[in-house]
Amino acid sequence: MHRFYLPDGMPAEGPVRFPRDIARQLSRVLRMRAGEEIGVFDGSGTEWTIELDDVSSRSVEGHVVDVTRPSTEPRVDITLYQSLIDAAQFELVLQKGVELGVKRFIPLLTERVSGAGSTGASEGRQARWARIIQEAVEQSGRVFVPEVVAPVAMDAAFANPPTGLLIVPWEGETSSSLREVLKTQDAGSHDAISIVIGPKGGLTGAEIEFLKQCGALPVTLGSRILRAETAAIATVAAVMYELGDLEAS
């Protein structure tokens, strides 16, 4: 079933009228007809099944036939601090991170971020990131929309260190694995986990030391060097697997 995000929420009563952009997609792209059903959500955790009553390129109306609160959100609250990388790879991290269950994304301006990435995010790029996240939420069945903030320098990002477990995959770490860290830390720290991923070329030694002072635990992801986007996706997936979030519900 096709799903759509309605950030302004659902009407208290009466027919559900869709914005023109969604109406255009329903009628011209998906070619849906009256009598067919779609899912909508507003980011509050609730999902509505809507039966379409009237479909045109300018307006679409329907009525509610079912209301649910899907259990598609992960038990662990994951924040991904992703150093800025090439646009396509960063967008891949956003998309796959949403699918895996990341709750918020914090783009980092680190020492080895250079070129266009070092300038931060224009309004257009920020809007594109938000759109990618929304589309991934619609596709993946989630009912909450993860946050993505404007790029921030590392010292500002960790001025107040996050609660819970803070881990940083680092090629310089050779003994402490992600699995070992998750197993040896107190179970209460698993409620919130922050992950720091470096840019192309990795984090500098000074940045690793700074993160350690903030309570970060460096971990190894094995003997192979992973690209930044691969490391981000692999780490989130591994955390979800180790904490049982990829099991059947």
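The values are calculated or read from the model by the stated rules, or taken from the named source; none is laboratory data. Since we're looking at a predicted model, the values are computed, not measured. Because the Cβ atoms are built from the backbone with ideal geometry, glycine has one as well, and the counts that use them run over all protein chains shown. Ligands, DNA and RNA are excluded from the accessible area calculation, which covers all protein heavy atoms including side chains. Shrake-Rupley method; radii C 1.70, N 1.55, O 1.52, S 1.80 Å.
Judged by the gyration tensor of its Cα atoms, with axes a ≥ b ≥ c, the range 106-241 is oblate; a/c meets the 1.5 cut and b/c is at least as large as a/b.
Over the chain, dividing the summed -39,500 (n - 2.57) contributions of all DSSP H runs of at least 4 residues by the number of residues returns a 222 nm mean residue ellipticity of -8500 deg cm²/dmol.
When the chain is treated as a GNM with alpha-carbon contacts under 10 Å, the residue of S177, S44, S140 showing the greatest mean-square fluctuation is S44. Of the labelled figures [x] 20.7; [y] 19.7; [z] 18.9, only one reflects Kirkwood radius over Cα pairs in Å as derived from the coordinates, namely [y]. Across the accessible surface of the range 1-159, with the other protein chains kept in place and a 1.4 Å probe, carbon and sulfur atoms take up 45 percent.
Taking the range 28-50 and a reference point 7 angstrom along Cα→Cβ of R58, the backbone N atoms nearer than 17 Å belong to 28. Rounded, prolate or oblate: pick one for the range 139-194, where a ≥ b ≥ c are the square roots of the eigenvalues of its C-alpha gyration tensor, a/c under 1.5 means rounded, and failing that, prolate if a/b is larger than b/c, else oblate. Note, shape of the range 139-194 comes out oblate.
Heavy-atom accessible surface of the range 77-160, averaged per residue, reaches 44 Å², computed with a 1.4 Å probe. Annotation: peptides 208-219, 71-82, 11-22, 231-242, ranked by per-residue average of other Cβ atoms within 10 Å with the highest first, follow the order 231-242, 71-82, 208-219, 11-22. If you sort S194, S175, S56 by accessible surface, 1.4 Å probe, largest first, the order is S175, S56, S194. Given a cut-off of under 8 Å on Cα pairs at least six residues apart, what relative contact order in percent is computed for the chain? With pairs under 8 Å counted, the relative contact order is 19 percent.
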